Amino acid sequence: MILGTQESSAGGLFRAFERCARDGGEALQLWTRSSRQWAARILDEEAVGAFRSAHAGAGRIPVAAHAPYLINLAATDDFLWNRSIDTLTEECRRAESLGVEQVIVHPGAAQAAGAEAGVRRAADALKRICKTLGTKPRVRLLLEITAGQGSCVGCSFAELAEMLHRAGDRRLGVCLDTQHMWAVGIDWSTARGYEDTFADFDRLIGLRYLEAFHLNDSRRPLGARVDRHERIGDGAIGLAPFKRLLCDDRFKDVPGYLETPPLPSGEESYAEGLRRLRSLL
C-alpha cells in the first residue's frame, strides 16, 4: 500500500505537499475548498500552476481531494439534491484542473425516505454528474463507505454495489475507511474476518473498484455506528490488524490516507501513525 496523509492546505493548496513530506507521506489527500461550506475560492492560473509545480516536485505522488461534507446525493429535498450535484461536479472539475486523480465523497443521508430510496437517489445523482463531466474519465469519483450514523446510505457493500450498478459509469470506484467498516460491524481485524471482508467485497462489488483506503483506528467498539476516528494503535481496532492490510499484495498500488486526530500536544499524529504502520512491515 502507498501510505499517505490528509493534510491542511492553509496558506495555499500547494503547501499540502510540504506538510505531507514533513510527515513522511507518499500520497496526499486534501481539501481544495472548505469542508463545511458550499462556496469555494476560484482557482486562478497562479494557484493551479503552484499546485502542479509542487506536485511535480513531490514526484507526482497519488493525490485525492475529499469532497465537502455538506454534499448529500441521497437528499429527498430537491434544492439540496441539485446543489449537491452541482457542487460535486464543480469539485471534480477543480480536481481535473489541478491534476488530482481522485475525488472521494460520502454518498449522503436518505432522511425519512429510507435507505432503498436514498440509494436510488444517490445513483441518479452520480449518473447526472458523470454525464455532465463527459465520456473521457480522468479524475476518479470514489464512494466512501459510511459509518452507519442516522440515515446515511453507503454503509454496506451491498448499498455501494447498488449505487455503482445503477449509475453504471466507469468513472466510479470505492474508498474503504477502516474505522467506518468497523463502525458498521464489519470485523476485518481477525484473520478469518479479514478474509471474509474482502471476499464479500469482491463478490458484491469487485476488487477492481477498490481504489483508496482511509486508515483510521476507532474510538468506539465494533458496530457502534458512529464516525469516531482514533490514532493508529490507540483505539478499539489496535495496531496489529493493519499488518494484513499493508502486506496484502492486492493493494500494493492502492493509496491509503491517514485521517487520524491530533496528538494530545495538538500536533498532527500522521508522522507517528506512519511510523507505527511501517513498523509492521
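Points worth noting:
- Failed item, numbered, when Trp182 is tested on (1) aromatic (Phe, Trp, Tyr); (2) in contact with a strand residue (DSSP E or B) (Cβ under 6 Å, 6 or more places away or on another chain); (3) closer than 24 Å to Val63 by Cα: (3)
- Number of positions in the range 29-73 that are touching a residue at least 40 places away in the same chain (Cβ under 8 Å) and assigned to a strand (DSSP E or B): 3
- Phe213 falls short on exactly one of the conditions (1) in a strand (DSSP E or B); (2) among the hydrophobic types (A, V, I, L, M, F, W, C); (3) more than 15 Å from the chain's Cα centre (by Cα), and that condition is (3).
- Residue count for the range 100-136 under the criterion of being touching an Asp or Glu at 6+ places or on another chain (Cβ under 7 Å), free of Cβ contacts under 8 Å to residues at least 60 places away in the same chain and not in a helix (DSSP H, G or I): the result is 3.
- Candidate set from the range 20-41 (those that are among the aliphatic types (A, V, I, L, M) and farther than 19 Å from Leu80 by Cα); member that is surrounded by the fewest Cβ atoms within 10 Å (Cβ to Cβ): Ala21
- Output for the range 7-19, where each listed residue is surrounded by 23 or more Cβ atoms within 10 Å (Cβ to Cβ) and either among the polar types (S, T, N, Q) or under 16 Å from the mean Cα position of the chain (by Cα) (or both): Glu7
- Test: residue in the range 250-261 that is free of Cβ contacts under 8 Å to residues at least 24 places away in the same chain and in a loop (DSSP other than H, G, I, E, B): no
Throughout, read-outs are computed from the coordinates displayed, never taken from laboratory work. Source: prediction; values computed, not measured. Virtual Cβ from ideal backbone geometry, glycine too; neighbours counted across all protein chains shown.
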